[in-house]
1. Looking only at residues that are at pLDDT below 85 and farther than 24 Å from residue 196 by Cα in the stretch 14-34, which one is least open to solvent (accessible area, probe 1.4 Å)?
2. From 181, 163, which residue is in contact with a Phe, Trp or Tyr (Cβ under 7 Å, 6 or more places away or on another chain) and either open to solvent by less than 70 Å² (accessible area, probe 1.4 Å) or in contact (Cβ under 8 Å) with a residue 60 or more places away in the chain (or both)?
3. Out of everything in the stretch 54-76 that is within 17 Å of the chain's Cα centre (by Cα) and touching a residue at least 40 places away in the same chain (Cβ under 8 Å), what residue ends up being surrounded by the fewest Cβ atoms within 10 Å (Cβ to Cβ)?
Amino acid sequence: MKLRLTQNPDEQYGSRVEELTTDGMIIAMPMRKGYPVMLAQGHSFTGQLIIDGIVYQFTSTLLSKKLHPIPVWVVSLPSEIKKVQLRSFVRTSAMIPVQFKLVLPQANQPGVTAGVDNPTFSVQTKDISGGGIQIVTRQAFDIGSKGQLAIDIPDSGIILAMGEVVRVEQPQLENQVFWIGIKFTEIQERDRSKLIKYIFKKQLEQRQKGV
C-alpha cells in the first residue's frame with residue numbers, strides 16, 4: 001500500500017506500508033534523491049494514504065529505524081485522520097454493536113398515541129463508513145425514519161450520531177432479516193474522525209490478510 005510523506009509543503013517522499021502491528025506501522029524508509037530522508041526519532045510527519053481511490057491525510061510519529069532485512073521506519077498508528085479528496089466515504093465490513101433509538105413523531109400528530117416512549121433497538125452493523133452505517137435487524141424500518149445512534153467503536157468507546165433510514169433491503173425473503181442503510185444527519189467531527197480511524201485500521205488489517 002503506497003504512502004506519500006511530507007515534512008513541509010514543498011517536499012514529498014514515496015513510501016509504502018510493509019506491516020501493521022498492534023502498536024504502529026512499519027513502512028519502507030522514504031528516500032530523497034537516492035538517500036534516506038533524515039528525521040529524528042520522536043518527530044512527527046504528515047502522510048497521505050490512498051484507499052479505494054480516496055486520499056486520507058494523517059499525522060504519525062517516527063518511533064525507530066531498522067536497516068535489516070530491509071530499511072524501514074517504525075511509526076505510530078495514524079492520528080488526526082481526515083479525508084482530503086471530496087468523494088464518498090470509503091465503506092468497510094464490520095460487526096459493531098449499535099443502539100438505535102427511534103425518534104417517533106410528535107404525539108399531537110394524527111394516528112400517534114400520546115405517552116409512547118421512543119423504542120430502542122440493539123443491533124449490529126454490517127458495514128460502516130464516515131457518512132453512515134448499514135445495520136442488520138429483524139425490524140423493518142420505514143424510509144425516512146430518524147433516530148439516535150450509539151455506536152460502540154472498538155478501542156474508542158461509544159460515539160453518538162443522529163441518523164435517517166435511506167435504504168431497506170431484505171436479502172432473503174424466507175428469513176425475517178433486513179439490511180437497513182442509515183446516513184448520518186448529525187455527528188461531531190471528532191467522533192467521525194474516530195470512526196474513520198477505525199475504518200482506516202480495518203482496511204490495513206484486511207489488506208494485510210489479503211482480504
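The values are calculated or read from the model by the stated rules, or taken from the named source; none is laboratory data. The model shown is predicted, which means the values in this text are computed figures rather than measured ones. We place every Cβ from the backbone using ideal geometry, glycine too, and count neighbours over all the protein chains shown. Just the protein is used for accessible areas: all its heavy atoms, side chains included, with ligands, DNA and RNA removed. Shrake-Rupley method; radii C 1.70, N 1.55, O 1.52, S 1.80 Å.
1. Ranking the candidates gives 34 first.
2. 163
3. By that ranking, first place goes to 58.
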